[in-house]
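Below: one structure, written as structure tokens.
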Amino acid sequence: MTTQDNSFTGQTLLTKAEAASRAEVGQRTINNWMARGILPYVKLGSRAVRFLPQDVEKFILDRRIG
């Protein structure tokens, strides 16, 4: 799996596997979060999705307790 540089945003986009790895969860959990609308993602095609690294990091930090 490789990250993609998106010239529109100038940022590297993460694949679902990479987002799952960063959050230390499985891809099914990422699918669940996407379906619930709590993890933002970029839809590039009918099945292709990518994630902005800062969205994944913010998602994790927003759930920190204490």
Per-residue [θ]222 nm for the chain (sum of -39500 (n - 2.57) over DSSP H runs n ≥ 4, rounded to 500): -12000 deg cm²/dmol
DSSP-loop GluC sites (Glu not before Pro) across segment 4-66, with at most 16 other Cβ within 10 angstrom: E24
Acute angle (nearest 10 degrees) that the helix 27-36 long axis makes with the longest principal axis of the chain, alpha-carbon atoms: 80
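Within segment 11-66, report the trypsin sites (Lys or Arg not before Pro) that DSSP leaves as loop and that have at most 13 other Cβ atoms within 10 Å.
Listed in order of number, the matching sites are R47, R63, R64.
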Two-decimal log10 I(q)/I(0) for the chain, as the Debye equation yields it once each C-alpha is a single scatterer, q = 0.21, 0.22, 0.23 Å⁻¹: -0.86, -0.94, -1.02
Spacing of the two label points (7 Å from each Cα toward its C-beta) at A35 and R64, in nm: 3.0
Footprinting exposure proxy for S46, S21 (fewest neighbouring C-beta atoms within 10 Å first): S46, S21
In degrees, nearest ten, helix 53-62 long axis to first principal axis of the chain (Cα): 10
Residue exposure sequence - F51, F59 - by fewest surrounding Cβ within 10 Å: F59, F51
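Throughout, read-outs are computed from the coordinates displayed, never taken from laboratory work. Keep in mind that what you see is a predicted model, and the values were worked out from it rather than measured. Heads up, the Cβs are rebuilt from the backbone with ideal geometry, glycines too, and the neighbour counts pull from every protein chain shown.
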